[in-house]
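Quick notes on the structure that follows.
Bear in mind that the values in this text are calculations on the coordinates, not laboratory data. Treat the numbers as computed from the prediction; the structure is a model and nothing was measured. Note that each Cβ is placed from the backbone with ideal geometry, even for glycine, and that neighbours are counted across all protein chains shown.
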Amino acid sequence: MLNLEGKTAFVFGVASEDSIAWAICQQLAAAGCRLFLGYQKRFMSRVFQLKDQLPAIEGFYPLDVAADESTREFFDAFAADHPGRQADVLVHAIGFAPRTCFDRPILFVEDADINTAMTISANSLQRCLRHALPYLAPGSSTITLTYAASTRYVPSYGIMSMAKAALECWTRELACHLGPEGHRINAISSGPIRTIAASGIPGFDNILNHVADNAPLRRNVTQDDVAGATLWLASPLAAGVTGQVIHVDAGYSITMVPETIMA
Ligand code: NAD
């Protein structure tokens, strides 16, 4: 186990015990890291139940990245309770697209819904980092979560494909912008995992089955697989890694022709 004793992390994106961010919290805590959670108010009761399971959680404040002001409020609340405190790690595990983005053919998705998906799922990385910067220690590590539909067509992922492409572009841009000050920003491209966010994607179970049958490791990844890679990126072992998209997907992204057609 990596040692992150004395380190502090902001973790955004815990909605339930199935959240990838929750597995990340558990592994960061096991490594000795102290945690400050940003949660969406609609998931407040679940987050309040979960936080009691993890003594490493020192603070938790509402966070809505849809607007600048509500994002700033998280950091204002953190700074008021913990003057002078800084974090070494920021985990951005946030994604959302309105239902209509998936219900309609992509040609007919409305501008407002596209903008919501892009703001929350992609541009919020920039928004979070802009407000976080005064509270990030030198040499900080930011990790965001993306999906391979950013570069290759996945049926039903729709507008979220554009959002993930933009998120990966933000990762590179921000890595170059903040790299000279020693801050690192990377993305983990996770294979499909059953979570609240994933439940909104039509045909998701079919995708899970297809990956399990065709990925080189012949299985789907788990929240713990993604959390392990996050821990590594958060640690000094990854001190030379920035601006990257690291695939944690049981190898599925290197395949082209599905193994199952040979059966
Ligand atoms: P999840 O539903 O547990 O987490 C999504 C989180 O986004 C929730 O905590 C939710 O509160 C937060 N969120 C949404 N809108 C927000 C807003 N306006 N302000 C603040 N927070 C907001 O699902 P998850 O699968 O753990 O998703 C975490 C990340 O992983 C997402 O970016 C998702 O796209 C990405 N990802 C998931 C999969 C998968 O198959 N589950 C695969 C690849 C990437």
Exercise. Quick one, what does Rg over Rh come out to for the chain if you take C-alpha atoms and the Kirkwood Rh?
Worked result: 0.96
Exercise. What is the Cα coordinate range of the stretch 1-106 on the first, second and third principal axes, sorted by size from largest, in whole angstrom?
Worked result: 49, 31, 24
Problem set entry | Contour excess over end-to-end distance, with Cα ends at Ser156 and Ala112 and 0.36 nm allotted per residue | 13.9 nm
For this session: Give, in nm to one decimal, the length gained when the segment between Thr260 and Thr119 is fully stretched (0.36 nm per residue of separation minus the Cα-Cα distance).
Result: 47.0 nm
Seminar exercise, completed: Subtracting the Cα-Cα distance of Ser199 and Asp103 from 0.36 nm times their residue separation yields 33.2 nm
Seminar exercise, completed: Footprinting proxy, His92, His177: sorted fewest to most Cβ within 10 Å, the residues are His177, His92
Exercise. Going highest first, how would you order 97-103, 242-248 by mean Cβ packing within 10 Å?
Worked result: 242-248, 97-103
For this session: Run a plain Debye calculation on the stretch 110-263 (Cα atoms as equal point scatterers, no solvent) and give log10 I(q)/I(0) at q = 0.15 Å⁻¹, rounded to two decimals, same order as the q list.
Result: -0.84
For this session: Please give the peptides 53-63, 160-170 ranked by average Cβ packing (other Cβ atoms within 10 Å per residue), highest first, as a rough proxy for protection.
Result: 160-170, 53-63
Seminar exercise, completed: Fewest to most Cβ atoms within 10 Å: Lys7, Lys41 sort as Lys41, Lys7
